[in-house]
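Report on one structure; see the data block that follows.
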């Protein structure tokens, strides 16, 4: 799949939340965003992901989450970005900026990297 096809696929998913779950250990309502593609460092890829994060945050802050899943409304929100591959320096910087912005809204953000050779979970505190 070329870069243009990947971008079109990401844009098609802008308003889609990949998974909504409840973390019984923490009591958090978790919104999961999957990023199966390799990080290419392009502005287009980062812009597409930023648009998806904006949609996730709007879903939380505009009350849509409460309406769609009232059983999760009382738990603190967490956004989780699940990546198939480790991000490059530009993407890591971007993730740090997104984390900072979400923290202002009291939304925790975690990144889970699932590389083929090993599984690593990290909370990027850049």
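With respect to the conditions (1) under 17 Å from residue 111 (Cα atoms); (2) in contact with a strand residue (DSSP E or B) (Cβ under 9 Å, 6 or more places away or on another chain); (3) at pLDDT below 90, residue 77 falls short on a single one, namely (3). As a summary of the residue check, residue 112 satisfies the conditions (1) surrounded by fewer than 20 Cβ atoms within 10 Å (Cβ to Cβ); (2) touching a residue at least 12 places away in the same chain (Cβ under 8 Å); (3) under 15 Å from residue 29 (Cα atoms); (4) within 14 Å of the chain's Cα centre (by Cα) except for the one numbered (3). Restricting attention to the stretch 73-84, the residues that are outside any strand (DSSP E or B) and surrounded by 15 or more Cβ atoms within 10 Å (Cβ to Cβ) add up to 1.
Among the residues making up the stretch 40-64, those that are in contact (Cβ under 8 Å) with a residue 12 or more places away in the chain and either more than 20 Å from residue 98 (Cα to Cα) or in a loop (DSSP other than H, G, I, E, B) (or both) are 40, 41, 42.
Scanning the stretch 18-39 for residues being in a strand (DSSP E or B) and in contact (Cβ under 8 Å) with a residue 12 or more places away in the chain gives a total of 12.
The values are calculated or read from the model by the stated rules, or taken from the named source; none is laboratory data. Computed from a predicted model, the values in this text were never measured in an experiment. All Cβ positions, glycine included, derive from the backbone under ideal geometry; neighbour counts span all protein chains shown.
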